[in-house]
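The values are calculated or read from the model by the stated rules, or taken from the named source; none is laboratory data. As the structure is a computational prediction, the values presented were derived from the model and not from experiment. Cβ placement follows ideal geometry from the backbone for every residue including glycine, while neighbour counts extend to all protein chains displayed.
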Amino acid sequence: MRPSSSRKAVKLLTKPAFFPPENLLDRALPASLVGQQEFEQYRFSYFDFTRADISGRRFTECLFENCNFAGTSLSHVALQNVAFDGCKLLGLPFHACRDLLFGVHFNQCQLDYASFQGKVMPNTRFVNCSLRAADFTQTDLSNAVFQECGLLDAVFSATKLNGADFVTARDVRLDPELNQLRQARFALHSLPGLLFKYELVIQ
């Protein structure tokens, strides 16, 4: 009997939206949660994680709103269906997060210089985000959406972008010969960014 050639579809993650009242945290952890390693269905609002060490912690079905993660260590952090809304995530090394069940959502976030190198994150949505010089080398972004995002100097190399949506993205620049782009969607204004290596004059 011939094995089926069809692949199981990747399950779409639903942005976390339910949080028990006791898990709505504002600006700082209560003393009872200091040192806790696992957080499930928590909403963190206006936290300042600047240069904090949250390495090794696990966040599942969580939402971070208007939080600052500048210089935060993400070593072995588990982000399992976690949403970031209005957060400063400049230069964050997401590549250091655990691979198991890695799933994220981004809305109106500053992700300049962030690194997603090697992460498997199909169907990820980036909405109204700044991704200047973000590193997507060897990242699986199949069917990802870059809605109204700025991608100036973002790095795409050996990146899986099959089915990705760049229609409303700005400053798209990538080499079709170095990336997988089957059925990826682009607007006409992005054409120069796909052909830059050929030094063509497009009018």
Quiz prompt | Residue that is farthest from Val82 (Cα to Cα) [pool: residues in segment 99-127 that are among the polar types (S, T, N, Q) and part of a loop (DSSP other than H, G, I, E, B)] | solution = Gln117
Quiz prompt | Of residues in segment 155-174 being among the aliphatic types (A, V, I, L, M) and within 16 Å of Ala187 (Cβ to Cβ), the one surrounded by the fewest Cβ atoms within 10 Å (Cβ to Cβ) | solution = Val167
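Just wondering, is there one or more residues in segment 140-147 that are farther than 23 Å from Arg27 by Cβ, touching a Pro at 6+ places or on another chain (Cβ under 8 Å) and either at pLDDT below 95 or not in a loop (DSSP other than H, G, I, E, B) (or both)?
From segment 140-147, those farther than 23 Å from Arg27 by Cβ are 140-147; that's our starting set.
Now narrow it down to the ones that are touching a Pro at 6+ places or on another chain (Cβ under 8 Å): 140-144.
Retained after the next criterion (residues that are either at pLDDT below 95 or not in a loop (DSSP other than H, G, I, E, B) (or both)): 140.
Within segment 140-147 (the criterion being farther than 23 Å from Arg27 by Cβ, touching a Pro at 6+ places or on another chain (Cβ under 8 Å) and either at pLDDT below 95 or not in a loop (DSSP other than H, G, I, E, B) (or both)), the answer is yes, since at least one residue qualifies.
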Practice problem: Kindly indicate the residue of segment 37-54 that is part of a loop (DSSP other than H, G, I, E, B) and modelled with pLDDT of 95 or more and also nearest to Leu101 (Cα to Cα) among those meeting that condition. | Solution: Gln41
Quiz item: Based on what the data block shows, is Phe116 aromatic (Phe, Trp, Tyr), under 18 Å from Lys88 (Cβ atoms) and crowded, with 19+ Cβ neighbours inside 10 Å?
Solution: yes
Self-check item: Of residues in segment 3-36 being modelled with pLDDT under 90 and among the β-branched types (Val, Ile, Thr), the one surrounded by the most Cβ atoms within 10 Å (Cβ to Cβ)
Solution: Val10
Quiz item: In this structure, is Thr72 within 25 Å of Val120 (Cβ to Cβ), out of contact with any Gly (no Cβ under 9 Å at 6 or more places or on another chain) and at pLDDT below 95?
Solution: yes
Quiz item: Given the conditions (1) buried (at least 18 other Cβ atoms within 10 Å of the Cβ); (2) more than 10 Å from the chain's Cα centre (by Cα); (3) without any contact (Cβ under 8 Å) to a residue 24 or more places away in the chain, and given that Phe126 satisfies all but one, which numbered condition is not satisfied?
Solution: (2)
Quiz item: Does segment 70-98 hold any residues that are of a type outside the set (A, V, I, L, M), assigned to a loop (DSSP other than H, G, I, E, B) and more than 23 Å from Phe18 (Cα to Cα), and which are they?
Solution: Gly71, Thr72, Ser75, His76, Gly91, Cys97, Arg98
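Yes/no matrix, rows are residues, columns are (1) over 14 Å from the mean Cα position of the chain (by Cα); (2) modelled with pLDDT of 95 or more; (3) surrounded by fewer than 17 Cβ atoms within 10 Å (Cβ to Cβ):
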{"position": "Cys67", "(1), (2), (3)": "yes, yes, no"}
{"position": "His76", "(1), (2), (3)": "yes, yes, yes"}
{"position": "Leu79", "(1), (2), (3)": "no, yes, no"}
{"position": "His95", "(1), (2), (3)": "no, yes, no"}
{"position": "Ser130", "(1), (2), (3)": "no, yes, no"}
